[in-house]
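These notes are about the structure you will find just below.
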Amino acid sequence: MSILPPDYYTMVQQAYPDNPIWGFLVFALQFHIFMILYIIVNMLLTAGICWGLLIIFRILGIPWLDGTTKGFINRS
C-alpha cells in the first residue's frame, strides 16, 4: 500500500470498502480536514519566513519591502 493512491476512486474504496456512500463521505471529510491543515501550515510557514526575513534585514540594516531602513545597528 502506497501513501498516495493512484486516483480518488481508489481512496473512496479504501475509506469504507463495504458501502460506497459512506466511503465517499469519509473521503470528503478527510479531504477537507487535510486541506484545512495544509492551508494553516502554509500560512504559518509564510508568516514565519516573512518575520524571519524582517528580523534579518533589520539586523543588517537593509531596507525592507515598505522602504523602512531602521535597523538594530546604527549605520550613521
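Values in this text are rule-based calculations from the coordinates and carry no lab data. The structure presented is a predicted model; accordingly, all values stated were derived computationally and were not measured. Positions of Cβ are backbone-derived with ideal geometry, glycine not excepted, and every protein chain shown enters the neighbour counts.
The length gained by stretching the chain between Gln30 and Leu45 to full extension, at 0.36 nm per residue less their Cα-Cα distance, is 3.2 nm. In order along region 30-37, phi translates into HN-Hα couplings of 4, 4, 5, 4, 5, 5, 5, 4 Hz, rounded to whole numbers, per the Karplus curve 6.51 cos²θ - 1.76 cosθ + 1.60 with θ = phi - 60° and x for Gly and Pro. By other beta-carbon atoms within 10 Å, ranking Phe34, Phe27, Phe57 with the fewest at the front produces Phe34, Phe57, Phe27.
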